[in-house]
1. Among A:219-228, B:304-313, B:559-568, A:400-409, what's the highest-first ranking by average C-beta atoms within 10 angstrom per residue?
2. Please pull out the direction-averaged projected area of the range A:341-447, using the convex hull of its alpha-carbon atoms, in nm² to one decimal place.
3. Under 17 Å from the Cα of residue B:355, which lysines turn up, not counting those fewer than eight places away in the same chain?
4. Principal axis extents for the range A:50-192, Cα atoms only, whole Å, descending order, please.
5. What is the extension gain from residue A:592 to residue A:332, computed as 0.36 nm multiplied by their sequence separation minus the C-alpha to C-alpha distance, in nm to one decimal?
6. For the range A:537-598, report the accessible area per residue in Å² (1.4 Å probe, heavy atoms, rounded to an integer).
7. Going by average Cβ density within 10 Å per residue, which order do the peptides A:106-118, A:578-590, A:148-160, B:327-339 take, highest to lowest?
8. Averaged over A:338-346, how many beta carbons belonging to a partner chain fall within 10 Å of each residue's beta carbon?
There are 2 protein chains.
Amino acid sequence: MADTLINPRDLAFLLYEVLDAEALCGRPRFADHSRETFDAVLDTARGIAEEHLHPHWKKNDSDEPRVEHGKVVIIPEVKAAVQAIAEAGFIAGTKDADVGGMQLPHLIGGASLAWFDSANVATTSYAMLTAGAADLIVKFGSDALRAKYLPPMFEGRFLGTMALTEPDAGSSLSDVRTKAVPAGDGTYHITGTKIWISGGDHELTENIIHLLLARIEGAPQGVKGISLFVVPKRLVGDDGASGASNHVALGGIIHKMGWRGTTSALLNFGEHGPCTGYLVGEANKGLAYMFHMMNDARISVGRSATAMAYTAYRYSLEYARTRKQGRLPGEKDPLKPPVAIIEHADIRRMLLLQKATVEGALHLVLECARLVDDQETAPTDAERTRAGLLLEMLTPIAKTWPSIAGQESISNAMQILGGYGYAREYDVEQLYRANRLNQIHEGTNGIQSLDLLGRKVMMEKGAAYQALVETMLATAADAEPTLPELATSLRAAIGELGTTTTTLVRAMMAEPARALANANAYLDCASRTVVAWLWLRQALVAQRAIATGPSEAERHFYEGKLRAAQYFYRWELVKNAPEHTLLRAIEDTPFSAKDWEF
Amino acid sequence: MADTLINPRDLAFLLYEVLDAEALCGRPRFADHSRETFDAVLDTARGIAEEHLHPHWKKNDSDEPRVEHGKVVIIPEVKAAVQAIAEAGFIAGTKDADVGGMQLPHLIGGASLAWFDSANVATTSYAMLTAGAADLIVKFGSDALRAKYLPPMFEGRFLGTMALTEPDAGSSLSDVRTKAVPAGDGTYHITGTKIWISGGDHELTENIIHLLLARIEGAPQGVKGISLFVVPKRLVGDDGASGASNHVALGGIIHKMGWRGTTSALLNFGEHGPCTGYLVGEANKGLAYMFHMMNDARISVGRSATAMAYTAYRYSLEYARTRKQGRLPGEKDPLKPPVAIIEHADIRRMLLLQKATVEGALHLVLECARLVDDQETAPTDAERTRAGLLLEMLTPIAKTWPSIAGQESISNAMQILGGYGYAREYDVEQLYRANRLNQIHEGTNGIQSLDLLGRKVMMEKGAAYQALVETMLATAADAEPTLPELATSLRAAIGELGTTTTTLVRAMMAEPARALANANAYLDCASRTVVAWLWLRQALVAQRAIATGPSEAERHFYEGKLRAAQYFYRWELVKNAPEHTLLRAIEDTPFSAKDWEF
């Protein structure tokens, strides 16, 4: 197998040279860790990715899960891989040692998951959904819930899901109608239907633990009346054994365009018998709890998008280096042998576009992971608060930008392969199909846009926005002496974003619906500015490394970073200009369109 | 079934109000036609689309062609639909009456095919590949070839293919290695392998007629040594009956991401026995002949991309009008019922983006069809020459822009449907998978870019380019009094394109490889300028129609045209600016990238 997953050199660059992962070891929580333990974890992750995940990633797509006699049948490789992930400790990777975790920084945990996602996102999902579900129990569950459910979930004996969406509610969680009626013994009877439940049913494990949103009878309408429940597929006895059915019935699985290996189920709760739910935390706080998890989930979406696009880039790069076709302009002799297609200018453009996208996106999602660590473990209150603010701003960007730019990137990988890129016999088309989901799930792009402009920019009187601007300006100042072109461009881009933001914030006071109508374009501009900032940081590190006189191979690596940074500024960041114009004009051609004009 | 194919009102608008199809009836070739016959043809096409093509379009994807015992098995609905198309006369639709055709203008023929493509592009392909293959025989074949092959092809008893690509040659036709050795009786023995042959094998008909490129033994190397042959799957006797195998062996079918209903075959010619080819026209002129057909094929690609995006638009529009979800910003009462999602600003934006794309694209491909008619039948030499020049410029744009913008458009349809858009139970994801092929086949985007900038702009000392610019400027002048914003924008856009073009043409003299390196961006800018021009024409017609005081429904239709035109100018045309900057700088970050930097 060609080495087409994440580039380990790039990962090490980002972790150790850009994000200073080793510095985390100075904090009490990570005191038992060192670069050696981090590398060992990453090597383990890579090994699982290459040995357990990647070999069946195509089979789990072509031979996708199906329902037979009411049960979901999945190829056996999936179970083995999920077990390998669990046994190596990755479901509990970032959790406290005292609940069985490795107490890893999120930065290292996230990098490990990037290995898994790049190899086989569909299989990885079963483990990572479990980690997300367990996280809610860790943070908000009672001791009893923690004791009963966490160990089997961390061990991969039980898998978990997030059961939020309903057929008639979609993105509108305030319309959740699943009902919870007190049973009198502290538990609840759950009735209702959930849809799009990833990992919602299967026979991979003896039990499935659903973290489910429902409305307790008599609760307030809207988002303030939603509670969170643990709802196991099979009731769990005090001995920890899974027993009788809890009446979670499989209504069917949905057949997706891609990401086929992860079942997406319609589930009916309590239709054919009593279904017991166990309240997590307090009543009516479910949405707040879920949003805690959702932020992690959103960064995870960005990471999976990044990983898929990364793999597509590496695959198309390998192809471009080995496939010989055509001759360069000016070569008129048809007897000359064809050149490797990487020699063609347009192929190089498509490769550089991909490199700038995927290496920028990887930085973005790892930056977010680092901020989660800082939010939890930075030495001072002020640093933790600041990290939290930056994270609020970056989360909608980390969720969407890799999914959108990543799709464009994978599309360019496909174009490099030509017909082969379009054939299921090759690897790229599956990545193209799979990654498209990332623009939809865990909050569509539209939802993220409104989150960024309508909530994050406005929160705490603009404190999150200001924190981001100051941080980006500091990088520009740092780079000014040695990378003046990029530093000047970044400063200008931040200034443009500022002018636009001020205009929109004012407009939102007067007419919020109109001011928010172009939030999508705002997200675009903010995303490109942020990724440009990250690229400038990478470029600075690379430039300084070159100055130390590294080996030729290392110099080439760093020169590639400078090349990609320059590409991002000259080819991508410049796309902000027309969108800023639209935004400042609060252009309303779509907003004012009448239903009958379509 | 909801009415989600082409909007017939829009088609009539383009054909009769914008492109003045009726005027064609004044030309001798079309003297037997009238608006009534055109409408009858279009109604027939629509009927076939709705009754024979659309009902099985999903089945022919999920239950795709497969090889069993060496034969290709295809669901039976395909054969019935292809027969319906043939029996209604569409394979020979634009051909001369004396060879059995309807002598339709290409404009009406193209509009008919748009109906088919919007309903089921995969099944339609079998018929349309046959029309293309027959076209080569009509234009370049001997009387004997015409007599033997055309009638069964027009009747749909034989289907046809284009057998160009080889496994090691891809886009590089000059490297074709399939061999033709004179058999001594005027025929040739063909040996070689072709790949990606659409409709390359099946049991839909008693015979398949391959139009194949091969190199006659001893011919010059490169493009000047390629000849065109008719190679039937089974030898055809003088009585017209298909007899013994001609040793065209199926090597396998390729499994594509989308467009699955059309087989894509690997074919081995003459591997297990003699394979006879019949020379079409003169030896060594094959590539020139094929390029004649290729221009039609490229416009067809644009049309199929348009039709798919059109269907996705109409499907998502229907969904947006009926799906209720969420509330408008500012509505705080969770007891208020949810609104139809078309009320949400971001949904309206995504609908308007689609409308501007698909209705602009439909104009573009029909404009090309009209130019084919003008090239062949306009009253004066000067008009025919001018039409030919415009067509040269527009063909690479018509091939690529609908495939790229159309994919973005379909992606927005998917986003409107959310998870449902991503589910195979709904219609959009199949269109997303299918249309992506249009950026690859019949010359990739990269090839089209080089064609536009490297050949078309330069041809006849810039005469084609000048013809386009003059034509667009005339529209701007026409629109100036009543649509000043759009007219001014168009004139500015043409000016910008001119400056960029001049810069690039000069640079090409000095350093062609570098000047051509960003041809992709040039194609983008030229495409947006052209589509803006077309939208201004539509807007002018709409504005004038509104002035006549039409019915309310008609006024709404025309207002939609003005809305979409304004959207295209304010949201899409503005994206040219950063690309012009790159182009004029002859930006070379990708061009200068070193292999080791990736």
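1. B:304-313, A:400-409, B:559-568, A:219-228
2. 8.3
3. Partners within reach: A:594, B:561.
4. Principal extents (largest minus smallest coordinate, Cα): 49, 40, 29 Å.
5. Separation in residues times 0.36 nm, less the Cα-Cα distance, equals 88.0 nm.
6. 39
7. A:106-118, A:148-160, A:578-590, B:327-339
8. Shielding by partners across A:338-346 averages 5.
The values are calculated or read from the model by the stated rules, or taken from the named source; none is laboratory data. If you're wondering where the values come from, they're calculated on a predicted model, not measured in any experiment. FYI the Cβ positions are ideal-geometry reconstructions off the backbone, even for glycines, and counts take in every protein chain you see. Please note that ligands, DNA and RNA were not included when accessible areas were found on the heavy atoms of the full protein model with its side chains. Shrake-Rupley method; radii C 1.70, N 1.55, O 1.52, S 1.80 Å.
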